[in-house]
Amino acid sequence: MSARNILVINCGSSSIKFALVNEAEEQFPLSGLAERLGSPEAVLHWQQGEHKDSLVIAGADHRLALSHLLPIVQRVADGQLHGIGHRVVHGGEHFSGACRLDDVSLLAIRQVAPLAPLHNPANLLGIEAAMKLFPSLVQVAVFDTAFHQSLPEHAYRYAVPEALYRDHGVRRYGFHGTSHRYVSQKAAEMSELPSDGSSWLVAHLGNGCSTCAIENGHSRDTSMGLTPLEGLVMGTRSGDVDPNLHSHLARALGWSLERVDAMLNKESGLLGLSGLSNDMRALEQAREQGHAGATLAIEVFCYRLAKSLASMSCALQRLDGLIFTGGIGENSALIRSKTLDHLGLLGLKLDAQANARCVRGIAGAIHAHGHPRVLVVPTNEERQIALDTLALLD
Ligand code: AMP
């Protein structure tokens, strides 16, 4: 049988990111983005090898954008498209793995939508459009939360009244599961260890950031919670704050819940601390020029990350290695080094040259000789979604 092609789709409320994944090829034969959907500026961008192209699709919604995409996908795939994998943010307690999409699973995804009101409805727009356009293709949903369904109860419960959990699903779910799973499997391969017999700490550091403790292929704890706001300092998200901050700001400043919510999600994190940018590259440059806000943002980011990793180590019996991934984790030798400066008690130490070498997609070990393993592993959520889709095709 020739190598199979899977179209991977990640829908936002006004965008569709996509990649065509061929199971035998490292590079994606096709990838791109439809953006500003539902507006007169709607446009489809795609890249095939070195060739980039775009098409104005003024006013297009998700379905129209996908119908424009289909002939491009079929041409690149030589008419051989075997399935579609959809990224879905929240699977609640219903999904502990990927699932084939049908009326029953669609209903379950709709039922958990109140837990991710910004994300699941957008994911559903893409799924419904794709199911109408490609009724004969196998379509699969892969959830950001599913990998963390193996958390023990003492890690996923909040210390709030039990009825809130029982009746309203208030618990920690965790996100970035597809990435944590992919890089921990890669790390095991790189280290010639079985993934079902090794233990890892993972720092996924992109615009969103989370840590995860993984034992024998199962997530045991993770830093994000009910929503992707809990835990680390992120691009524009605050991560952990005192839960009384909401009521304090309401009392002291008269802020509404919506105002506090927008502040914590969109105006905080690296952007809020630095007063400059949510982009780590910009902050590193500004820090070199002595910018006080950028310097502080980086210090807080690394210290909070180290604290989170140390606390995640409570979930493991032993440690086979620490993995850095995501745009910052894969590229910033500075962040890796400053974070490990706080983790001496875990015995972690970097090799400065190896650390400097592992950037721009280069994977490798960066620990100093005789110290616990530290790896840089580029994530590839699209490939993992395609692999999960293929597994359900089989
Ligand atoms: P992601 O969401 O995984 O695409 O990651 C985005 C983040 O990675 C942004 O904060 C970028 O500034 C950061 N990033 C990308 N390249 C670099 C780099 N060379 N050095 C530092 N940060 C980087």
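When the chain is described by a simple charge dipole with +1 on each Lys and Arg Cβ and -1 on each Asp and Glu Cβ, the residue from S223, Q317, L257 located farthest towards its positive end is L257. Across the options L296, A391, I328, the greatest Cα extent toward the positive end of the charge dipole of region 264-394 (unit charges at beta carbon of Lys, Arg, Asp, Glu) belongs to L296.
Largest GNM mean-square fluctuation among I127, I323, I57, using the chain with Cα springs under 10 Å: I57. Within the chain, the ratio Rg/Rh, alpha carbon atoms throughout and Rh by Kirkwood, equals 0.96. For region 93-139 versus region 30-76, the inter-centroid distance based on Cα atoms is 22 Å. Taking 0.36 nm per residue of separation and subtracting the Cα-Cα distance, full extension of the segment from H218 to E288 would add 21.2 nm.
Calculated FRET efficiency, S14 to I362, Cβ-Cβ distance, R0 = 35 Å: about 0.55 to the nearest 0.05. Taking loop as defined by DSSP and a crowding limit of 11 other beta carbons within 10 Å, which trypsin sites (Lys or Arg not before Pro) in region 308-341 fit? Passing both the DSSP loop test and the Cβ count: R318. 3J(HN,Hα) along region 81-86: 9, 9, x, 10, x, 10 Hz, from the Karplus curve 6.51 cos²θ - 1.76 cosθ + 1.60 with θ = phi - 60°, whole Hz, x for Gly and Pro. When peptides 203-212, 378-387, 342-351 are sorted by average Cβ neighbour count within 10 Å, with the highest value leading, the order is 203-212, 378-387, 342-351. Here the sum of -39500 (n - 2.57) over DSSP H runs of 4 or more residues, divided by the residues of the chain, equals -11500 deg cm²/dmol at 222 nm, to the nearest 500. Treating r as the C-beta distance of K266 and D242 and R0 as 22 Å, the FRET efficiency rounds to 0.70. The mean of 1/r over all distinct Cα pairs in region 90-246, once inverted, gives the Kirkwood hydrodynamic radius of 16.8 Å.
The amide H of D221, built 1.01 Å from its N in the peptide plane, has A213 as neighbours under 5 Å, considering only residues 5 or more places off or on other chains.
Please sort by residue number the GluC sites (Glu not before Pro) in region 162-236 whose DSSP state is loop and whose Cβ has at most 13 other Cβ atoms within 10 Å.
E192
Against the empirical 2.2 N^0.38 Å (N residues), region 54-142 has a Cα radius of gyration ratio of 1.15.
Distance between the 7 Å Cα→Cβ label points at R63 and L257: 3.4 nm. Computed from label points 7 Å out along Cα-Cβ, the spacing between E41 and V104 is 4.5 nm. The listed residues I335, I362 rank as I362, I335 when sorted by accessible area, largest first, using a 1.4 Å probe. Over the chain, how many pairs of lysines fall under 27 Å by alpha carbon, counting only those 8 or more apart in sequence or from different chains? Lysine pairs satisfying the spacing and distance rule in the chain number 12. For region 29-61, backbone nitrogen atoms closer than 15 Å to the point 7 Å from K132 Cα along Cα-to-C-beta are found at 38, 60-61. The relative contact order of the chain, computed from alpha carbon pairs under 8 Å that lie at least 6 residues apart in sequence, is 14 percent.
Counting Lys and Arg as +1 and Asp and Glu as -1, each charge on the Cβ, what is the dipole of region 47-123 about the Cα centre in debye, to the nearest 20?
Roughly 60 debye for region 47-123.
Rounded to the nearest 20, the size of the Cβ-charge dipole of the chain about its Cα centre is 480 debye, with Lys and Arg at +1 and Asp and Glu at -1. Among 256-268, 138-150, 21-33, sorting by the average number of other beta carbon atoms lying within 10 angstrom of each residue, highest first, gives 138-150, 21-33, 256-268.
Assuming 0.36 nm per residue, please report the length gained on full extension of the stretch R75 to C314 beyond their Cα-Cα distance.
My answer for the length gained is 81.0 nm.
The values are calculated or read from the model by the stated rules, or taken from the named source; none is laboratory data. Keep in mind it's a predicted model, so treat the numbers as computed, not measured. Because the Cβ atoms are built from the backbone with ideal geometry, glycine has one as well, and the counts that use them run over all protein chains shown. In case anyone asks, the SASA skips ligands and DNA or RNA and just uses the protein heavy atoms, side chains included. Shrake-Rupley method; radii C 1.70, N 1.55, O 1.52, S 1.80 Å.
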